[in-house]
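Quick notes on the structure that follows.
The values are calculated or read from the model by the stated rules, or taken from the named source; none is laboratory data. A quick note: this is a predicted structure, and the numbers were derived from the prediction, not measured. Here the Cβ is made from the backbone with ideal geometry for all residues, glycine too, and neighbour counts use every protein chain on show. To get the accessible areas, we keep the full protein, side chains included, count just its heavy atoms, and leave off ligands, DNA and RNA. Shrake-Rupley method; radii C 1.70, N 1.55, O 1.52, S 1.80 Å.
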Amino acid sequence: MGATSIASAPGLTSAARTASPQGDPSSDALIEAVRAAALLGWLSVVAVLVGIAVGLPVQHQPVVLVTTALGAAGHAGLGLLPWARILPTRRGRLLLNVWSAALLGGVGGLVITAGGAARLDLLFFLVVPFLAMVHEGRRLVPWLGAAAATFVVAAVLAVDPLPRSEAALHLVLLAASAALGRQLAGAIRRQTRARTDAIRRAELEGAMLAEGHHRVKNSLQVVADLLMLARPEGSAGGEAFDQAGARIRSIAAVHAVLASRSGGRVPADELLTAVVDAAHPGGTTLDAAPVALPFQQAQHVGVVVNELVTNAHQHGQGGVRVALAVTDGIAGITVADEGPGPSPERWASPGLGLQLVRQVVEQGLRGTLESTPDGIAVRFTLERDRTAGAEHDPARQTGDRDARRTSTGGRAANGVGR
């Protein structure tokens, strides 16, 4: 029994967690199987100690206790090995074979030392499932045969052997235990392979999507550059080209953020930072709540913020402030400068930029646009089916950014969207 607890739970748990999705699915499945089987080692240690504590008739009790302690020490020691790295190698297979042999020898020795009346032969019901989990194919047959032979020899050589009828019953139950362990091991391997394949497919799709966004971003930048090359001299005819180029660059910024995130959701702070930098570098204060937007909403938000920030810098006064807040699934974006804001006449008869913003907000985001004392406010509902759990996105937890970018200060008042 001394080696019954070789597979330390801490080592095997870390091995299972660090198994690479790009690794061999068979190796990952083996790590999962060994991790599950390691629990059997600790159970065997606990079983012996409980048996002694409740007063089972254990012969040579000091020897049994020392053997059990050595098994627990070996269990903890081998748990420190880098199982995730060595299990797929020949060295790892050799360690599994040594482990299995030590298990059989240790448990057989315990049964012989403690005597049949102690019923420590029941530990074989933990050893056999372990063997079925860590060995597969042709390698499993000789190990199961060795387990059966060890059980018979230990039952015969014990100080006070088990009755033959009881030993035969235990042997039959061991065969059933081996079959059950084999089924469990097969289920673990199939589940691990399926999970590994799913992770690989998701990574491939994410990489392809990121590459697609990267190419779209490059194409949009080329379009913006070509548009600027055709820009006529003078402010009269060139302003329309500048505005069109800014709009194209804002959409390109969204695709750039998506490419860096391998597609999927877009962190609002990264998105708005990219859009603000593309629209008007400097002079803008950004304050964004830690929320992730789905692609379609991110694209619409990028266009809206680009238009409002550009308008604020062209027609407003002082610094410009952009804020994004989320309350009960409702997102609110406010863009403000230090000016008086658009007049009622201007708001009723907006220019091309504000018309575009209104159309994108109402038809794209299905939200509302209004002029408030605090600035131009956009409100829309986050898509719950796509953004559920966005606050728990791993990318949001690793950085936990301040979600705040300041180029130059600016008191947020009102007055954009001319």
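The table that follows gives values for the structure above.
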read-out: Near pairs, Cβ below 6 angstrom, 6+ apart or cross-chain, from segment 287-299 (open to solvent by 10 Å² or more (accessible area, probe 1.4 Å)) to any residue that is part of a strand (DSSP E or B) and at pLDDT 85 or above; value: 287/323; 289/324; 289/325; 289/326
read-out: Members of segment 110-126 that are open to solvent by less than 30 Å² (accessible area, probe 1.4 Å) and among the small types (Gly, Ala, Ser); value: 114, 115, 116, 118
read-out: Exclusive hit being at pLDDT 85 or above and among the charged types (D, E, K, R), set 225, 242; value: 225
read-out: Residue ranges of helices (runs of 4 or more DSSP H) in segment 1-94 with at least 3 members open to solvent by 70 Å² or more (accessible area, probe 1.4 Å) and either at pLDDT below 80 or of a type outside the set (Asp, Glu) (or both); value: 9-18, 25-53, 61-78
read-out: Pair list, Cβ < 9 Å and 6+ apart or interchain, from segment 151-164 residues that are over 9 Å from residue 112 (Cα atoms) to residues that are open to solvent by 20 Å² or more (accessible area, probe 1.4 Å) and in a loop (DSSP other than H, G, I, E, B); value: 162/119
read-out: Qualifying residues in segment 345-372 (those that are at pLDDT 85 or above, open to solvent by 50 Å² or more (accessible area, probe 1.4 Å) and farther than 16 Å from residue 303 by Cβ) - the one nearest to the chain's Cα centre (by Cα); value: 368
read-out: Test: residue in segment 166-185 that is among the acidic types (Asp, Glu), at pLDDT 80 or above and under 30 Å from residue 102 (Cβ atoms); value: yes
read-out: Pair list, Cβ < 7 Å and 6+ apart or interchain, from segment 67-78 residues that are within 17 Å of residue 104 (Cα to Cα) to residues that are surrounded by fewer than 22 Cβ atoms within 10 Å (Cβ to Cβ) and polar (S, T, N, Q); value: none
